[in-house]
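Participant: Once you've had a glance at the structure underneath, I'll fire off some questions.
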Amino acid sequence: MNKSILITGCSTGIGYVCAHALHKRGYQVIASCRKQQDVQRLQSEGLTCIQLDLANPDSIEQGVAETLCLTNGKLDALFNNGAYGQPGALEDLPTDGLREQFETNFFGWHQLVCLLLPTMRKQGHGRIVQNSSVLGFAAMKYRGAYNASKFAIEGWTDTLRLELMDTNIHISLIEPGPIETQFRANALLAFQRWISVEGSAHEAQYHQQMARLDNDKSNNAFVLPAESCIAPLIDALESPKPKIRYRITTPTKVFAVLKRLLPTRLLDKILRQAA
């Protein structure tokens, strides 16, 4: 296996385990992390790793240039994975907080794909895999910024798929649902940065949310390890006819069916309880 792939968000979780798994499978993996200390840690583990901050356009351009230098000007695949969650009620979230969420979770992905598509078109093939979420099609309260960014990624990806239909470039979505990662810890930091708890109409609920985010382990009965995303990613990269969407956890599969079958108001009640 001599295929090359760039993976974003590899410091922990899904990106981390997928980078190692594909490296062992024989891929030329270019892992990327936002922080230099994480880059050095992954390099010490035997991975090729570069610094790439999805919220920084200059960093993205530099990361693409470095990637193509390492792969001799070709790239078989991109796994857009780097993202974070911004908790909090929408009415309490400053616009700058929402903008920051979109810089990493949406605009950075857009720029990265646009910079790499000319290479894939020139070589006549490519795979793009977008790590979305169950919250990309089923919204839950107090996750509005993240919901919005993932809904945007879903619509953006559907559009690009239509625009690439006359090419040999395939684009797929992975929709994990509850996965055991560092996601909650990072979300808690974002919450503390942007949300004022005292005096909010949602103050009581915020204390519950903070307690949930501060737990080392998820209390979701259906949570799966990050490794559960490896097989779907490999299929998206290697199948002659990759799926458009890979739904991984039970909640993702269930809510996908419920969204098709149930009236919106009834689904809202279920989502409200699930949150």
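The values are calculated or read from the model by the stated rules, or taken from the named source; none is laboratory data. Small disclaimer: the values here were computed from a predicted structure and weren't measured. Backbone-built Cβ (ideal geometry, glycine too); neighbour counts: all protein chains shown.
Participant: Would you confirm whether or not the stretch 193-200 contains a residue that is outside any helix (DSSP H, G or I), over 22 Å from residue 139 (Cα atoms) and out of contact with any helix residue (DSSP H, G or I) (no Cβ under 9 Å at 6 or more places or on another chain)?
Facilitator: Checking the stretch 193-200: at least one residue is outside any helix (DSSP H, G or I), over 22 Å from residue 139 (Cα atoms) and out of contact with any helix residue (DSSP H, G or I) (no Cβ under 9 Å at 6 or more places or on another chain).
Participant: Oh, and also: In the stretch 201-233, how many residues are aliphatic (A, V, I, L, M), closer than 28 Å to residue 7 by Cα and not in a loop (DSSP other than H, G, I, E, B)?
Facilitator: The number of residues fulfilling the criteria is 6.
Participant: Here's another thing I want to ask about it. Considering only residues that are of a type in the set (Val, Ile, Thr) and either buried (at least 17 other Cβ atoms within 10 Å of the Cβ) or at pLDDT below 95 (or both), which ones fall in the stretch 198-242?
Facilitator: If the condition is that a residue be of a type in the set (Val, Ile, Thr) and either buried (at least 17 other Cβ atoms within 10 Å of the Cβ) or at pLDDT below 95 (or both), then 223, 230 are the ones that fit.
Participant: State whether one or more residues within the stretch 34-47 are at negative phi, among the hydroxyl-bearing types (Ser, Thr, Tyr) and assigned to a loop (DSSP other than H, G, I, E, B).
Facilitator: No - not one qualifying residue is present in the stretch 34-47.
Participant: Here's another thing I want to ask about it. Pairs needed: first member in the stretch 248-260, touching a residue at least 24 places away in the same chain (Cβ under 8 Å) and assigned to a helix (DSSP H, G or I); second member anywhere, of a type in the set (Asp, Glu) and surrounded by 19 or more Cβ atoms within 10 Å (Cβ to Cβ); C-beta distance under 8 Å; at least 6 residues apart or different chains.
Facilitator: So the pair list comes out as 252/175; 256/175.
Participant: Taking the stretch 154-178, which residues are free of Cβ contacts under 8 Å to residues at least 60 places away in the same chain and either among the aromatic types (Phe, Trp, Tyr) or under 24 Å from residue 226 (Cα atoms) (or both)?
Facilitator: Passing the criteria: 154, 156, 157, 171.
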